[in-house]
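Trainee: Below you'll find the structure I mean.
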Amino acid sequence: MLSIGSLGRTAGVKVPTIRYYEEIGLLPEAERSAGNQRLFNLRSLHRLRFIRHARDLGFPLDAIRDLLSLSDQPEQSCAAADTIARAQLAEVEARIARLNALKAELERMLAQCAGGTVRDCRVIEVLGDHASCAAPHHGHPDIGKGT
């Protein structure tokens, strides 16, 4: 059995995050010691590592919940897991496209800047007027994504 601190160190997850995952049902409720300390078993460690890896790959919590549910039923088809992973891949590709658009716009702004005074600075001009952008890029790719 592992204390919450040991579990966190072993899995590379902070204690408040473990408590949160337990609260929202991604981790089963821990057993308690006589002193009311949370005690986690190896199954919880494996589950927490799964969650952490899925988060590292950008999966949202709802998708992780679905993937955990699927992993609890090892004899069923993996088609549903593939569907979830394909949706995450599509989101990553869309984010990359937005980042590439941002990169291109920043490169264009800098290339057009003559390096003179702020009054004639293309960077300041473009930032002040979105219509001066060469292509739509509609903000930072992570805004509104809950990250």
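Trainee: All but one of (1) acidic (Asp, Glu); (2) modelled with pLDDT under 95; (3) touching a helix residue (DSSP H, G or I) at 6+ places or on another chain (Cβ under 9 Å) hold for Asp66; state the number of the condition that does not hold.
Mentor: (2)
Trainee: For a quick check of your reading of the model, give me the residue pairs whose first member lies in region 115-138 and is assigned to a helix (DSSP H, G or I), whose second is modelled with pLDDT under 75, with beta-carbon atoms closer than 7 Å and at least 6 apart or on different chains.
Mentor: Matching pairs, first to second residue: Asp120/Ala114; Glu125/Ser132; Val126/Ser132.
Yes/no per residue for (1) of a type in the set (Lys, Arg); (2) open to solvent by less than 60 Å² (accessible area, probe 1.4 Å); (3) in the same structural domain as Val15 (by TED's automatic domain parsing):
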{"position": "Leu68", "(1), (2), (3)": "no, yes, no"}
{"position": "Arg86", "(1), (2), (3)": "yes, no, no"}
{"position": "Leu89", "(1), (2), (3)": "no, no, no"}
{"position": "Glu105", "(1), (2), (3)": "no, yes, no"}
{"position": "Met109", "(1), (2), (3)": "no, yes, no"}
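Trainee: Could you list all residues from region 72-84 that are closer than 21 Å to Tyr21 by Cβ and open to solvent by 60 Å² or more (accessible area, probe 1.4 Å)? Don't jump to the end; show me each part of the working.
Mentor: Start the filter on region 72-84 by keeping residues that are closer than 21 Å to Tyr21 by Cβ, which leaves 72-73, 81, 84.
Answer for region 72-84, where residues must be closer than 21 Å to Tyr21 by Cβ and open to solvent by 60 Å² or more (accessible area, probe 1.4 Å): Asp72, Gln73.
Trainee: Pick from Leu39, Leu45: which is within 27 Å of Ala81 (Cα to Cα) and open to solvent by less than 80 Å² (accessible area, probe 1.4 Å)? Before you say what the answer is, go through the steps one by one.
Mentor: Numbers: Leu39 fails: within 27 Å of Ala81 (Cα to Cα).
Checking each option against the conditions leaves just Leu45.
Trainee: So, Ile18, is that one exposed (fewer than 11 other Cβ atoms within 10 Å of the Cβ) and modelled with pLDDT of 95 or more or not?
Mentor: Values: exposed (fewer than 11 other Cβ atoms within 10 Å of the Cβ): no; modelled with pLDDT of 95 or more: yes.
For Ile18, the condition - exposed (fewer than 11 other Cβ atoms within 10 Å of the Cβ) and modelled with pLDDT of 95 or more - is not met.
Trainee: Same structure, new question: Go over the candidates Ala101, Ala80 one by one and state the one that is touching a His at 6+ places or on another chain (Cβ under 9 Å) and of a type in the set (A, V, I, L, M, F, W, C). Walk me through it before giving the result.
Mentor: Values: Ala80 fails: touching a His at 6+ places or on another chain (Cβ under 9 Å).
Testing whether each residue is touching a His at 6+ places or on another chain (Cβ under 9 Å) and of a type in the set (A, V, I, L, M, F, W, C) leaves just Ala101.
The values are calculated or read from the model by the stated rules, or taken from the named source; none is laboratory data. Note that the coordinates shown come from a computational prediction; the quantities given were computed from them, not determined experimentally. As a convention, Cβ positions derive from the backbone with ideal geometry for all residues, glycine included, and neighbour counts pool all protein chains shown. To get the accessible areas, we keep the full protein, side chains included, count just its heavy atoms, and leave off ligands, DNA and RNA. Shrake-Rupley method; radii C 1.70, N 1.55, O 1.52, S 1.80 Å.
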